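The values are calculated or read from the model by the stated rules, or taken from the named source; none is laboratory data. Given the structure is predicted, the values throughout are model-derived calculations rather than measurements. Cβ atoms come from the backbone with ideal geometry, glycine included; neighbour counts cover every protein chain shown.
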Amino acid sequence: MATSSPDTRQRGKRRGGETFECAVCWKKFGRSDTLREHVRTHTGEKPFECTVCKKKFTASATLRTHLRTHTGEKPFECAVCTKKFAQTTGLRVHLRTHTGEKSFECTVCNKKFTRSGSLREHLQTHTGEKSFECTVCNKKFVQSRGLREHLQTHTGEKSFECTICTKKFSFSSNLRRHLRIHTGEKSFECTVCNKKFVQSGSLREHLQTHTGEKSFECTICTKKFSFSSNLRSHLRIHTGEKSFECTVCKTKFGSSSYLRVHLRIHSGEKPFECSVCKKKFGVSSNLRKHLRIHTGEKSFECTVCKKKFGTSSELRVHLRTHTGEKPFECSVCKKKFVHKGNLRRHLRTHSG
């Protein structure tokens, strides 16, 4: 009787219900060629080379799949939405978005995931492990997505684009926040007063109006603020930076709010109306001062003589009677005055 070749004997074993066992890890396979490919994971042999980029692979099937990254071929189509994929695994994972299936469950908190990779990354939130390290600055991340987005801070790449206004962002989280500007969605609600906000950061800052907390401190003068935006505006006092320019007269301002108020000089807009006499004002502080005429309120008290005034500017002028300060000087004869009005009247004596 003819002697069977090793391959023939192996196929015969398969027909008899036997399997092919790896001599290294004892893993079993139904086919001898599958075993041969598996053995390469132990030997490191990669006999299949891509003719385009020279990358090598353990299995011919893996090479075929890889070649699609060069050809752009996507032979696997979703029967629901006709989206196409280069790999069957990509299609299988995608189908779960239609079925809602989440097969991968966290053994710690029982949260479920569509992808095994998402579960692996999630598990690191429990272990504290940060497996993804930036090759530029060595910062580590729990998730590969976090690393990918972080790398854009080094490259300057902005790969997340708003489909409405085409503005681009380095981080998907920033794009999601930005989209709420278009949708008007306000997902973050204050548990104290039920006011809603577009961003979680805005809610956190708002909560400080209830707690009185001021967690934003100026590193120069240690003054504290409830809002990061107020700290940024304050810092410009120290730096002298004036980034906001009037397009009409080119005057520059340290904050956008100052610019908005200034623009009303050009537009004539007076959005603040007195509810008593209907007089309008360009600045809210001027309306508040005006209202004291109607209420008779005098909130500003002199610490020297206890006299009260309706406005802080009136108090400042009054204080000069105690200090002897005369800040208004005649440019002709150098005589000084407490009040600007007195200086103006005096100047007429020089003009004749």
### Message
Would you confirm whether or not region 170-184 contains a residue that is in a loop (DSSP other than H, G, I, E, B), modelled with pLDDT of 80 or more and in contact with a helix residue (DSSP H, G or I) (Cβ under 9 Å, 6 or more places away or on another chain)?
### Response
no
### Task
Could you run through region 149-190 and say how many residues are over 28 Å from residue 206 (Cα atoms) and either touching a Lys or Arg at 6+ places or on another chain (Cβ under 6 Å) or basic (Lys, Arg) (or both)?
2
### Message
Six or more apart or on different chains, Cβ atoms under 8 Å: show the pairs whose first residue is in region 295-306 and in the same structural domain as residue 324 (by the TED database) and whose second is assigned to a loop (DSSP other than H, G, I, E, B).
### Response
297/310; 298/310; 299/310; 300/310; 300/311; 301/307
### Task
Filter region 1-22 down to the residues that are surrounded by fewer than 13 Cβ atoms within 10 Å (Cβ to Cβ) and closer than 23 Å to residue 61 by Cα, then identify the one that is modelled with the highest pLDDT.
21
### Message
residue 152 - would you say it is surrounded by 11 or more Cβ atoms within 10 Å (Cβ to Cβ), of a type in the set (S, T, N, Q), assigned to a helix (DSSP H, G or I) and in contact with a Ser or Thr (Cβ under 6 Å, 6 or more places away or on another chain)?
### Response
yes
### Query
In the list 123, 67, which residue meets the criterion of being within 31 Å of the chain's Cα centre (by Cα) and in a helix (DSSP H, G or I)?
123
### Message
Quick check on my filter: what residues within region 97-118 are in a helix (DSSP H, G or I) and more than 29 Å from the chain's Cα centre (by Cα)?
### Response
98, 99
### Summary
For region 102-121, pairs from a residue that is in contact (Cβ under 8 Å) with a residue 60 or more places away in the chain and loosely packed, with under 13 Cβ neighbours inside 10 Å to a residue that is aromatic (Phe, Trp, Tyr) and part of a strand (DSSP E or B), with Cβ under 9 Å and 6 or more apart or across chains, are none
